[in-house]
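The values are calculated or read from the model by the stated rules, or taken from the named source; none is laboratory data. The structure displayed is predicted, hence computed values, not measured ones. All Cβ positions, even for glycine, are placed from backbone atoms using ideal geometry, and neighbour counts span all protein chains on display.
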Amino acid sequence: MKSSTHLYQKFLGLITCMHLLACSGQPDLEVEKTYSQIKSLVDSQEKVECRLTSLKDSLDLTWDTINNLIKNNLPKSMSKEECKAIVNVRNADHLRMFQSYNKLDSTVIIAVNDAEMTDNNIALEIRFLKNTLNAIGDSINQLRGRINISQREELEKILYEYKKMKNSEGCL
């Protein structure tokens, strides 16, 4: 109940700021349209950032699983130094550099190969999403340029409060 009241108060604050922004010179519809476009872009930005977090978590889980699999299947002939080093590697090519890599069980080697493909696919998606974030940021900056200089400060306050409110919700 308390958090919904707090969100409601923030929402009322945003409406008040929007009204002040709309009344400060530019036609109401143009300001409202620009604000709405920026808000939509901020929402998209948040979704992309949440997806990036999810991908990074997935990548961590993939390599944690591989590291545990290696740790539980180390050959007896492997030196202690090599054992300590190999169980912390999070890259298939680096794992293959170890002299005893080929002595690992075939299921481990297959799992490393699968993890490498997963890693490569996630890396591609991360690069794409980072480019998307840059494009969204450019679009937001372009839209900010449409607002009169006197209104930009108020817009920044609105965006700050909106982002704060969205951040309190977290990734869904």
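Considering segment 27-63 alone, what residues qualify as being exposed (fewer than 15 other Cβ atoms within 10 Å of the Cβ) and hydrophobic (A, V, I, L, M, F, W, C)?
Listed by number, the residues that qualify are Leu29, Cys50, Leu61.
For segment 124-139, indicate whether the set of residues that are over 18 Å from the mean Cα position of the chain (by Cα) and hydrophobic (A, V, I, L, M, F, W, C) is non-empty. Can you show your working first?
Of segment 124-139, the ones over 18 Å from the mean Cα position of the chain (by Cα) are 139.
Checking the rest, the ones that are also hydrophobic (A, V, I, L, M, F, W, C) come to none.
Checked against the condition, which is being over 18 Å from the mean Cα position of the chain (by Cα) and hydrophobic (A, V, I, L, M, F, W, C), segment 124-139 yields no hits at all.
For segment 77-91, how many residues meet the condition of being of a type in the set (Lys, Arg) and touching a residue at least 12 places away in the same chain (Cβ under 8 Å)?
Keep residues of segment 77-91 that are of a type in the set (Lys, Arg), which gives 80, 84, 90.
Right, trim to touching a residue at least 12 places away in the same chain (Cβ under 8 Å) and you get 90.
Result for segment 77-91: 1.
Inspect segment 102-122 for any residue being surrounded by 14 or more Cβ atoms within 10 Å (Cβ to Cβ), of a type in the set (S, T, N, Q), at negative phi and modelled with pLDDT under 95 and give the result as yes or no.
no
Do we have any residue at all in segment 131-142 that's surrounded by 15 or more Cβ atoms within 10 Å (Cβ to Cβ), modelled with pLDDT of 90 or more and of a type in the set (S, T, N, Q)?
Yes: one or more hits.
So for segment 139-157 (the condition being closer than 17 Å to Leu69 by Cα and out of contact with any Pro (no Cβ under 7 Å at 6 or more places or on another chain)), does at least one residue qualify?
If we filter segment 139-157 for residues that are closer than 17 Å to Leu69 by Cα, which is where we start, we get none.
No, that holds for no residue.
Could you list all residues from segment 76-98 that are surrounded by fewer than 13 Cβ atoms within 10 Å (Cβ to Cβ), farther than 24 Å from Asn120 by Cα and of a type outside the set (Lys, Arg)?
Ser77, Ser79, Glu81
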